[in-house]
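Every number here is computed from the coordinates shown, using simple stated rules; none is lab data. Please read these numbers as outputs of a predicted model, since none were measured by experiment. Here Cβ is always computed from backbone atoms with ideal geometry, including for glycine, and neighbour counts include all displayed protein chains.
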Amino acid sequence: MKILSKSILVMLFIALSITSYSQKKEVKKVLFVVTSHDKLGDTGDKTGLWIEEFANPYYYMIDKGVEIDIASPKGGQAPIDPKSELADYQTEATKRFYKDKDTQSKLSKTLKLSKVKHDDYDAVFYPGGHGPLWDLAEDRNSIKLIESFYNNGKPVAFVCHAPAALKNVKNKNGQFLVKGKKVTSFTNSEELAVGLRDIVPFLVEDMLNKNGGNYVKGADWTAFAVEDGLLITGQNPQSSSLVAEKLFNKIN
């Protein structure tokens, strides 16, 4: 009986230890913020979210157990840039998205940006596409949200055109958040290559330099991302997975 009692006690101790560890291993939550803007200037063409920059980080994160909510300035359906759906721009993640009715539904019912707050998440991630140049760069709710994440010690990450959302973001001292920080984005030469240099409201590379960022870049159309403290930025669609990896490592 004594031996049996000791065995039971040992098993109970192990079970309690496992339960305690599981409780401590908290599920991470990341907020994705996407554009609501779908007009490419005065061209008559459509723009929006570049689907590769959403899908690659999204599946990278959820496959590692991260919970993700999606928000946009207007809420509801997030516009997808039709060019990003062309065959040349597909990845395994985008192909998965087209078969994933649940995530498609989630992207059609984004939360309203004014209703979300940093307290509910461990980090925030902004995918690109040209849309953010028109809405997220000037959106007061987005600006406040980024500042609240950063000022509360939580990582903020952006890829391609999404660093446009940093245009009016300030730190606690009232200076531009990017000032003195290593940053990257879609380059001027990449914008010229896609024929939109004279159509976009501003060039992200120029804006980051103007705001005092230490702008760096890799070769055009190659994966390149940088991390400076809580700020993570990636250069182009090819960099989306690299940004996701850096962000995931930051919250774990």
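List the residues, sorted by chain then number, that are 5 or more residues from V33 or on another chain and whose placed amide H is less than 5 Å from its amide H.
A71, F125, Y126
List the residues whose amide H sits under 5 Å from the amide H of G180, counting only those 5 or more places along or on another chain, with H placed 1.01 Å from N in the peptide plane.
Those lying under 5 Å, H to H, from G180 are G213, N214.
Taking 35 Å as R0, compute the FRET efficiency from the Cβ-Cβ separation of F202 and E85 and round it to 0.05. Don't jump to the answer; show the numbers that get you there.
Details: r = 26 Å, r/R0 = 0.74.
Here the calculated transfer efficiency is 0.85.
So, counting K/R as plus one and D/E as minus one, what does the shell of residues with Cβ under 15 Å around L203 add up to?
Summing Lys/Arg as +1 and Asp/Glu as -1 gives -2.
On a straight-distance basis, which aspartates and glutamates could pair with K28 in a cross-link, Cα separation under 18 angstrom, same-chain partners fewer than 8 positions away excluded?
Answer for K28, where 18 Å is the Cα cut-off: D63, E67, D69, D119, D120, D122, E245, listed by chain and number.
Which ordering of D119, D206 is given by a fewest-first count of other beta-carbon atoms within 10 Å? Write out the running numbers ahead of the final one.
Working: D119 8, D206 13.
So the ranking, lowest neighbour count to highest, is D119, D206.
Can you give the angle from 0 to 90° between the axis of helix 240-250 and the longest principal axis of the chain, with both taken from C-alpha atoms, to the nearest 10?
Computed tilt is about 40 degrees.
Just how far, in whole angstrom, is segment 135-169 from segment 185-208 if you go by their alpha carbon centroids?
Here the answer is 19 Å between Cα centres.
Under a GNM of the chain (C-alpha, springs under 10 Å), which listed residue has the highest mean-square fluctuation: E92, E191, E26?
E26
Provide the net charge surrounding L192, with neighbours chosen by a C-beta distance below 15 Å and charges set as Lys +1, Arg +1, Asp -1, Glu -1.
Computed value for this residue: -4.
Give me a comma-separated list of calculated 3J(HN,Hα) values for segment 141-150, in order, Karplus coefficients 6.51, -1.76, 1.60 applied at θ = phi - 60°, integers in Hz, x for any Gly or Pro.
Computed from phi, the couplings for segment 141-150 are 5, 5, 4, 4, 5, 4, 4, 5, 4, 4 Hz.
Can you tell me the equivalent ellipsoid semi-axes for the chain? Use √(5λ) from the Cα gyration tensor, largest first, whole Å.
Details: eigenvalues 277, 87, 56 Å².
Its equivalent ellipsoid spans semi-axes of 37, 21, 17 Å.
For the pairs K210/K250; K46/K144; K217/K246; K29/K106, note any where the Cα-Cα span goes beyond 23 Å.
K210/K250; K46/K144
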